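J.: Sharing a structure below in structure tokens format, with a few things to ask.
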Amino acid sequence: MRVRVDGSMLRRPRDAFMGSRPTRGNVVSTFRLALAGTPGTGKTTVAELLSAAEFGVVTIEELAQSAGALGEQDPSDGARPVDLDLMIESIAKSWESAPASPEIIDGHLSHHLPADAVVVLRCDPATLRERLSERGYSSAKVESNVEWELLGGAWNEREGDSPWSEFDTTTEDADSVVKSILAWISDGFKPASPEGVIDWIARMDD
């Protein structure tokens, strides 16, 4: 049975150092696409729609569990730390070959993996705060995730030269977001990087 755990329940170990990681070369007919973004931006819904479009979907939790890289739940925040180095080492050999069919890696830590391309879902911090509060998150957890989104989240951790793109889910419905992602994929992951990354702080100043 596929386990869907909210992304905020997984995190990197505190004080962990993320060293250099391998990057993939040219895009082939099948690929692995990391679906990243702050918890609450809509990753699970988008992944389910892509699954319906015949993409394979695997979660970060599943990869970490298989690699023995999933730690015990931290009572302070309810999260389960993931040993990224161990997980990347575990998948290194199998990921030398392209998957049998296009595959989505669902999880807010997925941008750390050596995927062929990365999609980052974004959401206006005010809207994100509402979404996470409706999930019943503690105030501390809500504000931690809102701050991560406000400051750029995954973009500040970008490594390697794999194509990256971002899609704003603040007002766009999931179907529209998926259509945009599929169009980006169909165009060969072009552009390989958006002309301007969403800057929530700059928009607040406007």
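The values are calculated or read from the model by the stated rules, or taken from the named source; none is laboratory data. Quantities reported herein were computed from a predicted structural model and do not represent experimental measurements. Reconstructed Cβ throughout: ideal geometry from the backbone, glycine too, with neighbour counts over all protein chains shown.
J.: What single numbered condition from (1) at pLDDT 95 or above; (2) under 10 Å from the mean Cα position of the chain (by Cα); (3) under 21 Å from VAL146 (Cα atoms) fails to hold for HIS108?
T.: (1)
J.: Could you list, ordered by first residue, the pairs with Cβ atoms under 8 Å in which the first is in segment 91-112 and in contact (Cβ under 8 Å) with a residue 12 or more places away in the chain and closer than 28 Å to ASN156 by Cβ and the second is buried (at least 24 other Cβ atoms within 10 Å of the Cβ) and among the polar types (S, T, N, Q), at least 6 apart or interchain?
T.: HIS108/THR38
J.: Go through the residues of segment 182-194 one by one and say whether even a single one is among the β-branched types (Val, Ile, Thr) and out of contact with any strand residue (DSSP E or B) (no Cβ under 8 Å at 6 or more places or on another chain).
T.: no
J.: Select from segment 42-52 the residues that are out of contact with any helix residue (DSSP H, G or I) (no Cβ under 7 Å at 6 or more places or on another chain) and either in contact (Cβ under 8 Å) with a residue 12 or more places away in the chain or part of a loop (DSSP other than H, G, I, E, B) (or both) and write down the one among them that is surrounded by the most Cβ atoms within 10 Å (Cβ to Cβ).
T.: Looking at the filtered set, the residue picked out is ALA47.
J.: Just give me the residues in segment 33-53 being over 12 Å from the mean Cα position of the chain (by Cα) and either more than 11 Å from ILE104 (Cβ to Cβ) or modelled with pLDDT of 95 or more (or both), in sequence order.
T.: THR45, GLU48, LEU49, LEU50, SER51, ALA52
J.: Further question: For segment 137-206, list the helices (runs of 4 or more DSSP H) that sit wholly inside it and hold at least 2 residues that are crowded, with 19+ Cβ neighbours inside 10 Å and in contact (Cβ under 8 Å) with a residue 60 or more places away in the chain; which are they?
T.: Correct list: 139-150, 174-186.
J.: Among the residues that make up segment 17-26, is at least one of them at pLDDT below 90 and buried (at least 18 other Cβ atoms within 10 Å of the Cβ)?
T.: Yes, there is a match, as at least one residue in segment 17-26 is at pLDDT below 90 and buried (at least 18 other Cβ atoms within 10 Å of the Cβ).
J.: Looking at segment 92-102, can you tell me whether even one residue there is touching a Phe, Trp or Tyr at 6+ places or on another chain (Cβ under 6 Å), within 22 Å of ALA117 (Cα to Cα) and crowded, with 17+ Cβ neighbours inside 10 Å?
T.: Checked segment 92-102: at least one residue is touching a Phe, Trp or Tyr at 6+ places or on another chain (Cβ under 6 Å), within 22 Å of ALA117 (Cα to Cα) and crowded, with 17+ Cβ neighbours inside 10 Å.
J.: Same structure again: Output yes when any residue across segment 86-97 is of a type in the set (Lys, Arg) and farther than 27 Å from VAL177 by Cβ, and no when none is.
T.: Checking segment 86-97: at least one residue is of a type in the set (Lys, Arg) and farther than 27 Å from VAL177 by Cβ.
J.: Quick one: which of PRO114, PRO81 is part of a loop (DSSP other than H, G, I, E, B), surrounded by 17 or more Cβ atoms within 10 Å (Cβ to Cβ) and not hydroxyl-bearing (Ser, Thr, Tyr)?
T.: After applying the criteria, what remains is PRO114.
J.: Any idea which of SER101, SER165 is modelled with pLDDT of 95 or more, under 24 Å from ALA53 (Cβ atoms) and not β-branched (Val, Ile, Thr)?
T.: SER165 is the lone residue from the list that is modelled with pLDDT of 95 or more, under 24 Å from ALA53 (Cβ atoms) and not β-branched (Val, Ile, Thr).
J.: Please determine, by comparing only the residues of segment 54-70 that are within 19 Å of the chain's Cα centre (by Cα), closer than 15 Å to SER90 by Cβ and small (Gly, Ala, Ser), which one is surrounded by the fewest Cβ atoms within 10 Å (Cβ to Cβ).
T.: Looking at the filtered set, the residue picked out is SER66.
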